[in-house]
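Here the structure comes first, spelled out in structure tokens, and everything after it is commentary.
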Amino acid sequence: MTDQPPENRATGTVRVRRGRPLAPSTGGRPWTFYVLATLFTLYVVALYGPMVCIYILSFQDVRGGLVFPMRGTSLHWFVDLFTQVRTGDVKGAFSRSIRLAVAVTVVTVVISFMSGLAFRKRFAGDSVVFYLMIGSLVAPGLVLGIGVGLICNVLGIETSWYTTALGAQLSWTLPFGVLVMFAVMSRFNNAWEEAARDLGASAWQTTCLVIVPVLAPGLVAVALFGFTLSYDEFTRTLLTAGSLNTLPLEIWSMTLNVTSPSLYALGTVTTLISFLIIGICLGTIARIQKRRAAGPAAH
Amino acid sequence: MPVEHGSIELAGIVKSYDGSSRVVDGVNLKIADGSYCCFLGPSGCGKTTILRMIAGHEDPTDGEILIGGEQVVGLAPVERRTAMMFQSYALFPHLNVRDNIAFALRVRGMSTPDRRKAADAMIEKVRLTELADRLPAQLSGGQQQRVALARAAITGPKVLLLDEPLSALDEQLRVQMRQELSRMQRDLGITFIHVTHTQLEAIAIADTVVVMEKGRIKQAGPARDVYDQPRDRYVAEFLGGQNVLSGRIVRIEGDSAMISAEEMRDVIVPLGSRRTVSAGDRVDFAVRRDDVDLTRPETGTGRQRAKVPSRVRAIEYQGNFVKVILDNIGRDELIAYVPDRIFYRDPFSIGDIVVAGWDKDKTRMLA
């Protein structure tokens, strides 16, 4: 054939394109960069500024007040937090919150895991179940809390942090957990389960040896959600926790009657604990991923 | 007759998910022990469903499945002594090669040292010894396939079921792994049932090719029979390499029919087994593309040959042959595969008027 081979023509086109780049570079950055960078900086300041102020002010000494300037530096208000009775039952509230969060986490992980497995297939009423779940996610927390409180009142059930508050918090953490699980399950290959069965594994062996280990990073993520959502849950817990406060409720009541930097100290302590939990969870996920895919072919 | 352990018999298999439409519609088939059988068909033809029913991952709505002469419907995969190699392999991502292969032994409660030993022996068989500690994500497609094969074979199954085993590989590797599958089948000496939609793969590897359409078997037999002597238009077109032409019988001459259409006149086709046709009937017949030769209009003619004047529409160089696409006959393509040495002695170009000719005995009447 005498016609020019198509590859040559294609190369020609590429060369022309290279000669005329779409966005000519003039050396500096475009003005939009500076506008967006300023916007982002303001955003970060607005996001973290107030928190950072509280952390700083919590390290004042005994003369400290609720506003700047700083009066000395010490850990006085942290000690005060755990020793003074007038600041409230911080220690008790803290331990209740942790125990409640652990219980919520366990229930959330187990139920989310099971619904993740169940929702792989269509079943009668599956969309009803799904939208009911989403419904409890979008319902205003305070209204939901009031509702639970009212029902308990009508039925004569005594509200307490480990029964009614647990239920109210689950209405918030479960939809989150299940949604995270859906995302995790979208990467689960059902053939793994079938392969296990084909190789002679019982349903229990398949769950323990294949499904749970494969989904482990996702389950840790669900646990993280469950724990952090429960640990600082306020609106749903307010009217369902009964006579003993969880930590967020305790902090709220402190803002009404405590006028010392120990309030700030409490903020610093709870933030540290939250970060610790998040760090542990992310570290666990990272370790699992790393162990699983330490190589060039990994993704 | 002695009982053949890995022989399979499907008797009137029907599968329906919704009670009305049948995914598998009355399949009867015998597969000999130790043979390599390929189910071939487009997606949705029911071939994978048949495989899964043999494996025990689905139950037939009706019919019987016999493995080694025993009725197996309702039994678990392990009890059937079948093993399945899944599409894209389904290797457990959290277990290394050795633990993947040893999984079946682990769930049977074999002790760790014993199963490690058994797995290592198997790993050696599939030549993966250096990779035993790697995770599936760190293996190439071909290596993953070998792990999958070893994992399925470690329990000593009578039948190995392979669901599109080569579809996840690139072209070059596919040919290589095709040979490897064939070698493993001979080594293990067990029945392999392989599902694919690629006809080249099926005819290259299988002793028996089963062509399926819409839940039914269209033709089953040795690869060469199915390719060379397709029973009907569907099989001929699906396996490729054939010109399937359609025309009306003008007259019957002894054991041959003279067939005409608008673009071809008096093409002679042996009746074969289709004795009942008569003049005026519309029939399909096939002639292999490599049996069609092309000549210039003025050159000589022969007796007992079909001659169809046509025009070159396109030419594709394929390496060892040249694919010459001629004007359609009705709606049917007419294509000639001309060996490249012959083609370039006197090359045609697009638009040339040619005569496509073939011997009478190269054509075959289709059902």
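The values are calculated or read from the model by the stated rules, or taken from the named source; none is laboratory data. No experiment lies behind these values; they were computed from the predicted model shown. Backbone-built Cβ (ideal geometry, glycine too); neighbour counts: all protein chains shown.
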Restricting segment A:180-196 to residues that are of a type in the set (A, V, I, L, M) and either at the interface with chain B (Cβ under 10 Å from one of its Cβ atoms) or surrounded by fewer than 17 Cβ atoms within 10 Å (Cβ to Cβ) (or both), the one nearest to B:Leu105 (Cα to Cα) turns out to be A:Ala196
Quick one: in segment B:73-89, which of the residues that are buried (at least 21 other Cβ atoms within 10 Å of the Cβ) and aliphatic (A, V, I, L, M) is nearest to the other protein chains (Cβ to nearest Cβ)? B:Met84
Selection count where residues are within 12 Å of another protein chain (Cβ to nearest Cβ), of a type outside the set (A, V, I, L, M), buried (at least 22 other Cβ atoms within 10 Å of the Cβ) and assigned to a loop (DSSP other than H, G, I, E, B), scope segment B:142-177: 1
Take the residues in segment B:203-224 that are of a type in the set (Gly, Ala, Ser) and in contact with a helix residue (DSSP H, G or I) (Cβ under 7 Å, 6 or more places away or on another chain); name whichever of them is surrounded by the most Cβ atoms within 10 Å (Cβ to Cβ). B:Ala206
If you go through segment B:345-360 one residue at a time, do you hit one that is in contact with a Pro (Cβ under 7 Å, 6 or more places away or on another chain) and not in a strand (DSSP E or B)? yes
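In this structure, does B:Ser256 turn out to be outside the structural domain of B:Arg178 (by TED's automatic domain parsing), surrounded by fewer than 18 Cβ atoms within 10 Å (Cβ to Cβ) and at pLDDT 85 or above?
Taking the combined requirement at face value, the residue does not satisfy it.
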Of all the residues that make up segment B:111-122, how many are touching a Leu at 6+ places or on another chain (Cβ under 8 Å) and either more than 14 Å from chain A (Cβ to nearest Cβ) or closer than 19 Å to B:Arg186 by Cβ (or both)? 1
What residue, among those in segment B:311-337 that are among the hydrophobic types (A, V, I, L, M, F, W, C) and touching a Phe, Trp or Tyr at 6+ places or on another chain (Cβ under 6 Å), is nearest to B:Arg248 (Cα to Cα)? B:Val312
Can you spot a residue in segment B:90-103 that is among the aromatic types (Phe, Trp, Tyr), facing chain A (nearest Cβ under 8 Å) and assigned to a loop (DSSP other than H, G, I, E, B)? yes
Scan segment A:265-287 and give yes if some residue there is in contact (Cβ under 8 Å) with a residue 40 or more places away in the chain, within 14 Å of another protein chain (Cβ to nearest Cβ) and out of contact with any strand residue (DSSP E or B) (no Cβ under 8 Å at 6 or more places or on another chain), otherwise no. yes
In the set A:Val35, A:Val62, the lone residue that is farther than 22 Å from A:Thr270 by Cβ and touching a helix residue (DSSP H, G or I) at 6+ places or on another chain (Cβ under 9 Å) is A:Val62
Which ones in segment B:55-72 are more than 12 Å from every other protein chain (Cβ to nearest Cβ) and buried (at least 18 other Cβ atoms within 10 Å of the Cβ)? B:Pro60, B:Ile65, B:Ile67, B:Gly68, B:Val72
Looking only at segment B:1-31, which residues are touching a Ser or Thr at 6+ places or on another chain (Cβ under 6 Å) and in a loop (DSSP other than H, G, I, E, B)? B:Gly6, B:Ser16, B:Arg22, B:Val23
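Please verify whether A:Cys208 is more than 22 Å from the chain's Cα centre (by Cα) and in a helix (DSSP H, G or I), treating the condition exactly as stated.
Criteria met by A:Cys208.
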Pull out all pairs, ordered by first then second residue, where Cβ-Cβ is under 8 Å, the residues are six or more apart or on different chains, the first lies in segment B:129-141 and is within 9 Å of chain A (Cβ to nearest Cβ), and the second is assigned to a loop (DSSP other than H, G, I, E, B) and not small (Gly, Ala, Ser). B:Arg134/B:Asn96; B:Leu135/B:Pro93; B:Leu135/B:His94; B:Leu135/B:Leu95; B:Leu135/B:Asn96; B:Ala137/A:His299; B:Ala137/B:Pro93; B:Gln138/A:Pro296
Which one of the conditions (1) closer than 20 Å to B:Pro339 by Cα; (2) at pLDDT 90 or above; (3) not in a strand (DSSP E or B) does B:Thr299 fail to meet, given that it meets all the rest? (2)
For A:Val154, state whether it is surrounded by fewer than 17 Cβ atoms within 10 Å (Cβ to Cβ), among the β-branched types (Val, Ile, Thr) and over 27 Å from A:Phe130 (Cβ atoms). yes
Given the condition of a type in the set (D, E, K, R) and within 30 Å of B:Thr208 (Cβ to Cβ), answer yes or no: does some residue in segment B:122-145 qualify? yes
Looking at (1) surrounded by 10 or more Cβ atoms within 10 Å (Cβ to Cβ); (2) closer than 19 Å to B:Phe348 by Cβ, which one does B:Arg288 not meet, given that it meets all the others? (2)
Residues that are on the phi > 0 side of the Ramachandran plot, surrounded by fewer than 16 Cβ atoms within 10 Å (Cβ to Cβ) and out of contact with any Lys or Arg (no Cβ under 6 Å at 6 or more places or on another chain): does segment B:97-110 have at least one? yes
Among the residues of segment B:92-120, which ones are under 21 Å from B:Val78 (Cα atoms) and among the aliphatic types (A, V, I, L, M)? B:Ile101, B:Ala102, B:Ala104, B:Leu105, B:Val107, B:Met110, B:Ala118, B:Ala119
With under 30 Å from B:Thr82 (Cα atoms), modelled with pLDDT of 85 or more and within 14 Å of chain B (Cβ to nearest Cβ) as the only criterion, which of A:Leu199, A:Leu219 stands out? A:Leu199
Can you pull out the residues in segment B:187-202 that are surrounded by fewer than 20 Cβ atoms within 10 Å (Cβ to Cβ) and either under 17 Å from B:Leu40 (Cβ atoms) or at pLDDT 90 or above (or both)? B:His197, B:Thr198, B:Leu200
Among (1) out of contact with any helix residue (DSSP H, G or I) (no Cβ under 9 Å at 6 or more places or on another chain); (2) closer than 21 Å to B:Pro230 by Cβ; (3) basic (Lys, Arg), there is one condition B:Arg341 misses while meeting the rest; what is its number? (2)
Any chance B:Val269 is assigned by TED's automatic domain parsing to the domain that holds B:Val24 and not in a helix (DSSP H, G or I): no
